[in-house]
Amino acid sequence: MESFITIVENYKAEITEKKSRFIANIFYINTQQEAEKIIKETKTKYYDARHNCIAYRVIENNNIVEKSSDDGEPSGTAGAPMLNILQKNNLCNVLVIVTRYFGGILLGTGGLVRAYSDATIKVVEKSVKVCKCKGTEMQIELEYSELEKFKYYCKNNNININNIQYLDVIICNIETEVVAMEKLLKDVDIKSININKIKVLESKYINKSI
């Protein structure tokens, strides 16, 4: 998968529909195992709630794994609508749990779909999101005299400098999209930017502002 949207931090939002409380929690996850652990912990936290409905999408082995559950609500009224919202927003590595405290008034299937959808939409809109795209982490060695020029180059080419070590020479760890990496290597070859050494550390998903 070339790119996807995810969240920066976990958030919570709440709505009330005919006296029923719908508490939506959104979590950043990296694996199915992590998602299942959070689901178990959340059900323990809200042990006295009627339902804890879930939906998540996570990338594992470069494939999207999806799961949803109505947790006792009528089939298709909770988990599926929640998952659909994650899909429409291209959200991955995200888990949403909507906890319902029953208020004594039946909502009907249409009312449940709207309530679980509205709670999910509210927490998604509230969260701060970031784009993750395929990129590369590299280590750069350069002279002190070239540091400011290199910082300027990175700023203009969407390259993230994660760490700078001030040793006998400057050592920088950077993250960049594949296209920017290819341009950097070309610019080093034609000497438009002066770098002593470049070491590719790993391919990874990197953050890109949206």
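The values are calculated or read from the model by the stated rules, or taken from the named source; none is laboratory data. None of the values given here were measured: they were computed from a predicted structure. Cβ: placed from backbone, ideal geometry, glycine included. Neighbour counts: every protein chain shown. Ligands, DNA and RNA are excluded from the accessible area calculation, which covers all protein heavy atoms including side chains. Shrake-Rupley method; radii C 1.70, N 1.55, O 1.52, S 1.80 Å.
Taking segment 138-150 as the range and being open to solvent by 30 Å² or more (accessible area, probe 1.4 Å) and touching a Lys or Arg at 6+ places or on another chain (Cβ under 8 Å) as the test, the residues that pass are 139, 141. Counting only strands (runs of 3 or more DSSP E) wholly contained in segment 1-78, the ones carrying 3 or more residues that are closer than 12 Å to residue 95 by Cβ occupy 20-28, 51-60, 63-69.
Report whether or not residue 192 is surrounded by fewer than 13 Cβ atoms within 10 Å (Cβ to Cβ), of a type outside the set (A, V, I, L, M) and either on the phi > 0 side of the Ramachandran plot or not in a helix (DSSP H, G or I) (or both). First the steps, then the outcome.
Working: surrounded by fewer than 13 Cβ atoms within 10 Å (Cβ to Cβ): yes; of a type outside the set (A, V, I, L, M): yes; either on the phi > 0 side of the Ramachandran plot or not in a helix (DSSP H, G or I) (or both): yes.
Yes: the conditions hold for residue 192.
With respect to residue 123, is the statement that it is in contact with a helix residue (DSSP H, G or I) (Cβ under 8 Å, 6 or more places away or on another chain) and modelled with pLDDT of 95 or more true?
Working: in contact with a helix residue (DSSP H, G or I) (Cβ under 8 Å, 6 or more places away or on another chain): no; modelled with pLDDT of 95 or more: yes.
Taking the combined requirement at face value, the residue does not satisfy it.
Are any of the residues in segment 87-105 surrounded by fewer than 18 Cβ atoms within 10 Å (Cβ to Cβ) and assigned to a helix (DSSP H, G or I)? Checked segment 87-105: at least one residue is surrounded by fewer than 18 Cβ atoms within 10 Å (Cβ to Cβ) and assigned to a helix (DSSP H, G or I). A search for C-beta distances below 8 Å between a residue of segment 62-75 that is closer than 23 Å to residue 205 by Cβ and any residue that is part of a strand (DSSP E or B) and hydroxyl-bearing (Ser, Thr, Tyr), counting only pairs 6+ apart in sequence or on different chains, returns 66/56; 67/56.
Residue selection: residue 210 satisfies the criterion of being under 30 Å from residue 58 (Cβ atoms) and either at pLDDT below 90 or small (Gly, Ala, Ser) (or both).
Residues checked against (1) more than 20 Å from residue 124 (Cβ to Cβ); (2) free of Cβ contacts under 8 Å to residues at least 60 places away in the same chain; (3) basic (Lys, Arg):
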{"residue": "36", "(1), (2), (3)": "yes, yes, no"}
{"residue": "39", "(1), (2), (3)": "no, yes, no"}
{"residue": "48", "(1), (2), (3)": "yes, yes, no"}
{"residue": "53", "(1), (2), (3)": "no, no, no"}
{"residue": "79", "(1), (2), (3)": "no, yes, no"}
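Scanning segment 155-172 for residues that are modelled with pLDDT of 95 or more and open to solvent by less than 60 Å² (accessible area, probe 1.4 Å) yields a count of 5. A single entry from 54, 38, 29 fulfils the requirement of being hydrophobic (A, V, I, L, M, F, W, C), more than 16 Å from the chain's Cα centre (by Cα) and crowded, with 16+ Cβ neighbours inside 10 Å: 54.
Only residues that are among the β-branched types (Val, Ile, Thr), assigned to a helix (DSSP H, G or I) and surrounded by fewer than 20 Cβ atoms within 10 Å (Cβ to Cβ) were counted in segment 114-137, giving 1.
Among the residues that make up segment 168-179, is at least one of them assigned to a helix (DSSP H, G or I) and in contact with a Gly (Cβ under 7 Å, 6 or more places away or on another chain)? First the steps, then the outcome.
So the first thing to find is which residues in segment 168-179 are assigned to a helix (DSSP H, G or I), and the list is 178-179.
When the remaining residues are screened for being in contact with a Gly (Cβ under 7 Å, 6 or more places away or on another chain), the result is 178.
Yes, segment 168-179 contains a residue that is assigned to a helix (DSSP H, G or I) and in contact with a Gly (Cβ under 7 Å, 6 or more places away or on another chain).
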